[in-house]
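Please read the structure below before turning to the comments.
Bear in mind these aren't lab numbers, they're just calculated from the coordinates by the rules spelled out. Here the structure is a predicted model, which means the values were calculated and not measured. Here the Cβ positions follow ideal geometry from the backbone for every residue, glycine too, while neighbour counts run over all protein chains shown.
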Amino acid sequence: MGASAINIVIGGEAGQGLVTVGEFLSRALVRAGYAIVVTQDYQSRIRGGHNTFAIRADSGPVTAPTEAIDLLVALSAETLDIHKASLTARGLAVADAAVGLGGLPGLAVPYKELSPRPLYENMAALGVLGALLCLDPAWITGLVREKFASKGEAVVAANTAVFQAALAWAAAQQASFACLPPPPRRGKRLMLHGNEAIALGGLAAGVDFCSFYPMTPGTSVIQACIDHADRLGTVCEQAEDEIAALIMALGASYAGARPLVSTSGGGFALMVEGVSLAGMLETPVTIVVAQRPGPATGLPTRTEQADLDLVLHAGHGEFPRAVFAPGTVEQCFHLAHKAVDTAERFQSPVFLLTDQFLADSYRDVAPFDLDALPPVPRPLTDVADPGGYERYAVTDSGVSPRLVPGLCPATVVCDSDEHTPDGHITEDLAVRRTMQDKRMRKAAGLAAAALPPDVHGDPDGATLLACWGSTLGAALEAAECLRQRGEKAAVLHFGQVWPLVPDAFLPVLARAARTVMVEGNGVGQLARLLRRETGAVFDGLVTRYDGLPFTAAYILERL
Amino acid sequence: MVTESDYGEFETAWCPGCGNFSIRQAVVRALVELGLPPHKVVFSSGIGQAAKAPHYIRVNTFNGLHGRSLPAATGIKLANPELTVFAESGDGCSYGEGGNHFLAAIRRNIDITAIVHDNQVYGLTKGQASPTTPKGQITKTQPHGAPSNAFNPVAVAVAMGAGFVARGFAGAIDHLAGLIVAGVRHPGFSLIDVLQPCVSFNKVNTFAWYKQRCYELGDDHDPTDPRAAMERANEWGERIPIGVLWRSDRPAFAAGAVAPLAGRETAMGRLREIVDGYA
Ligand SMILES: Cc1ncc(C[n+]2csc(CCOP(=O)(O)OP(=O)(O)O)c2C)c(N)n1
Ligand code: SF4
């Protein structure tokens, strides 16, 4: 992160429109060519409280949030109090003139004068920010036009007028030392958060069925699918509970749909019986678990990475599965696609572990190349010998020909009880062994298809920061800081946490001078898993479970 | 032409004399009358003795988990509206473990026919009280008598304005087959609660007990009159009505696929536009 990076924190009460300001500004910055990482911190309430929308922007790459604040946009007096200690030496505050700056350097904005109605104060805030950042106003006015076009020209004009007035006012204050250096020219970028990217990756893999029961921060995956359902013909149903959501997805999958289910830990706990059912029925299903702090309802709107053990062990009995853990918004897209593909290919439950931080974190990403995605196999709609069709025919790979019922004269029988190759309930214990062996043989295929962890930097004699999921960005920045101090540092990131590919990472661990696992939980769940599976022991462990995402500073302080 | 033999013959795990046999016969008779070939029909079932029924009929079968026949059936119907979808299970499965799904299916009014083998006891787990066991009835695990009021599924379904609510009796096979046919033809959710003697664990509600009490509703019962329907749904004791208790013309749930999802290709062109829209 260059010195050109700026961290803008917009804080205020829920319901004051800080997300609107944050999203507008983020999108304008991305369109102008800047890189961003957004962190949304909010309380579990609809109005009041104290929330922040933090945008870290840079003309070069940016990978993680930071605590230090360069521009503090306070929509409430409380914001100034809470965050003033984090203001950097060059930091500025922007607050309502009616409230005052509490002695901080910055701009006291006469919102009441600039905005004829409180409704437009968002636009006034954007005008001030645009001026301070020296952002070409066209990026914001263009967005205003897009956003309000459907509400009529008058609404567009009223919003634009407030924006322009605030811009002019701020320019006259000569307080523009927060100016961002112009970004390098680069191609078009998209702006989306992790959950949107997961939805798009799933849809690109042919997801056509979503069943869900709302639970933060899992819901926005399905929300994104619903937003596009009318155009794509995706079937989306809000189930009566999570148990029904997953079982419904399995029914749909059996009948030929390609389902995506999304929830958080508490909801996933209810789905667990369905995970076992998917294992037994050998029915593909992709389940997104957006982690938040537990146990139980925990901190509903904060972040954590403590459900790895749950997802890894969810379900009674033994059956193969795969667990992906994207570290970036790009990976959210690509690993969602890969998860759906894996579920279809191996007829197994497949998981995508994300968390509140990544779920809500807007980033700039290069447009996804849909044509480059590998095709996802479809189930059979016909078989040569309908009378002889066996849903669970015993095969070397453990994967049996999966026929969709109703489209040809064969019948498709599946059963949660142990069953014969033709799907019928059995208590023949020799058949039990055969079928259990058949199912477990899929584990070898899943392992062969598993993604090895990514190595960033040179691990030789280095401090190696290992991590999984959304911790990647902070670990990368921490390693970069170490290198700038003249120390050797590298990062090992697990984008897939099960099955493991020991050959791909044991040599990397061996080459490092010091290995440190960085995880968003208290006990080091991945570190324990690696130790159990491979005997590898880490020299150090950095954990975080206070509900906030990792930052480079947090990691560096604990190394 | 579909005949009974299309639906196969199987060895069952049911006790000799069990009411499940006649229910199976009625189901097959109904499928033949409906002219449905086996591969166009899906039975989703839960867990229990009744839930094994689809294994004893040659049809597409999704024999899932205890209490979950309805959500699975719902997913199947949403993914392929061309299938005729049944949920078949016991009273414990359908009204106990699956109680919330039962209410949701009625609210959704999804076009599924639920056949509940109501033997007023848990059969497979050997005779514990089920939601429909009358209060006070003694069982092995309720030695002082079932402590809670019995659940009345048909009255609840009528009260919720379900699509189609009928009560059948395993001892009246043709009558029951007729109810199943009517239930399938009804667009929307159909409940057919079937009084089913369990010869092993329910020594009170026997074949003879039901034979004496069950009477067929005649033309004088108007199944579209909510008051009459509720009165008949609550009639239990010396006389027990069987037949269509209630029918409504509520539109069936329509938010599913309009054609089998299995045959559909992803609209990549549209998806490309959607992805570009995130700029
Ligand atoms: C989650 C779960 N809980 C409990 C059981 C044990 N169980 C199997 S069948 C059954 C009750 C079945 O009763 P009912 O639905 O009335 O069917 P019947 O056997 O009487 O036909 C129970 C409790 C189970 N299989 N799964
Ligand atoms: S236990 Fe009862 S319900 Fe089950 S098969 Fe035997 S008689 Fe029938």
Seminar exercise, completed: Here region A:510-526 yields Karplus 3J(HN,Hα) values (6.51, -1.76, 1.60; θ = phi - 60°; whole Hz; Gly and Pro given as x) of 5, 6, 6, 6, 8, 10, 10, 8, 10, 9, x, 8, x, 9, x, 5, 6
Seminar exercise, completed: Length gained if residue A:173 through residue A:231 is fully extended, taking 0.36 nm per residue and subtracting the Cα-Cα distance, is 16.1 nm
For this session: Would you mind giving the mean number of other chain beta-carbons within 10 Å of the Cβ of each residue in B:93-105, as a whole number?
Result: 2
For this session: Among DSSP beta bridges whose residues both lie in the protein assembly as shown, state the antiparallel percentage, nearest 5.
Result: 25
Exercise. When Cβ neighbours within 10 Å are restricted to other protein chains, what is their mean count per residue of peptide A:400-413?
Worked result: 6
Problem set entry | region B:101-165: radius of gyration and largest Cα-Cα distance (Dmax), Å | 13.9, 41
For this session: Return the sequence-ordered ³J(HN,Hα) values of region A:445-455 in whole Hz as given by the Karplus equation 6.51 cos²θ - 1.76 cosθ + 1.60 applied to θ = phi - 60°, using x for Gly and Pro.
Result: x, 5, 5, 5, 8, 5, 7, x, x, 8, 9
Problem set entry | Helix A:242-254 vs. chain A, principal-axis angle (Cα, 0 to 90°, nearest 10) | 60
Seminar exercise, completed: In a Gaussian network model of chain B with springs linking alpha carbons closer than 10 Å, the residue among B:230, B:160, B:268 that fluctuates most is B:268
Exercise. How far apart, in nm, are the 7 Å Cα→Cβ label points at residue B:13 and residue A:558?
Worked result: 5.0
Exercise. Nearest 10 degrees, 0 to 90: what angle lies between the long axis of helix B:69-79 and the longest principal axis of chain B (Cα atoms)?
Worked result: 30
Exercise. Does a label point 7 Å from the Cα of residue A:431, set along Cα-to-beta-carbon, have any residues of region B:1-37 with amide nitrogen under 19 Å, and which are they?
Worked result: B:8-15
Exercise. Is there a pair in B:77/B:211; B:40/B:203; B:40/B:135; A:84/A:151; A:188/B:77; A:151/A:188 whose C-alpha atoms are over 32 Å apart, and which pairs would that be?
Worked result: B:77/B:211; B:40/B:203; B:40/B:135; A:84/A:151; A:188/B:77
Problem set entry | Rounded to whole Å, sorted largest first: equivalent-ellipsoid semi-axes of chain B, Cα gyration tensor | 33, 21, 20
Exercise. What relative contact order, as a whole-number percentage, does chain B give when Cα pairs under 8 Å and 6 or more residues apart are counted?
Worked result: 19
Exercise. So how strong a dipole does region B:148-279 carry about its Cα centre when Lys and Arg Cβ are +1 and Asp and Glu Cβ are -1, to the nearest 20 debye?
Worked result: 320
Seminar exercise, completed: A chain fully extended from residue A:78 to residue A:98 at 0.36 nm per residue, minus the present Cα-Cα distance, gains in nm 5.8 nm
For this session: Could you tell me which trypsin sites (Lys or Arg not before Pro) in region B:156-256 are loop residues by DSSP with no more than 16 other beta carbons within 10 angstrom of their beta carbon?
Result: B:203, B:239
For this session: Estimate the FRET efficiency between residue A:186 and residue A:44 by the formula 1/(1 + (r/R0)^6), using the beta-carbon distance for r and 30 Å for R0, to the nearest 0.05.
Result: 0.20
For this session: Would you mind calculating the gained length between residue B:199 and residue B:219 on full extension (0.36 nm times residue separation, minus the Cα-Cα distance), in nm to one decimal?
Result: 3.9 nm
Exercise. How far is it, in nm, from the label point at residue A:503 to the one at residue A:155 when both lie 7 Å from their Cα along the line to the Cβ?
Worked result: 5.9
For this session: Mind running the shape call on region A:141-291? Use the C-alpha gyration tensor, a ≥ b ≥ c as the square roots of the eigenvalues: rounded below 1.5 for a/c, prolate if a/b tops b/c, oblate otherwise.
Result: prolate
For this session: Could you state the angle between the C-alpha long axis of helix B:20-34 and the longest principal axis of the C-alpha atoms of chain B, as a value from 0 to 90 degrees rounded to the nearest 10?
Result: 40
Seminar exercise, completed: Per its Cα gyration tensor (rounded if a/c is under 1.5, else prolate when a/b beats b/c, else oblate), chain A is best filed as prolate
Exercise. So what J values fall out for region B:143-156 if you push phi through Karplus, 6.51 cos²θ - 1.76 cosθ + 1.60 with θ = phi - 60°, rounded to Hz, Gly and Pro as x?
Worked result: x, 9, x, 4, x, 10, 5, 5, 7, 10, x, 6, 5, 4
Exercise. Any idea what the relative contact order of chain A is, in percent, if you count C-alpha pairs under 8 Å spaced at least 6 apart?
Worked result: 12
Problem set entry | Shape call, region A:432-498: gyration tensor on alpha carbons, a/c limit 1.5 | prolate
Exercise. Put a dot 7 Å past each Cα toward the Cβ at residue A:448 and residue B:255; how far apart are the dots in nm?
Worked result: 4.2
For this session: Count, for each residue of B:76-87, the Cβ atoms from other chains sitting within 10 Å of its Cβ, then give me the mean as a whole number.
Result: 5
Exercise. What is the set of long-range amide H partners of residue B:62 at a cut-off below 5 Å, with H atoms built 1.01 Å from backbone N?
Worked result: A:414, B:43, B:44, B:45
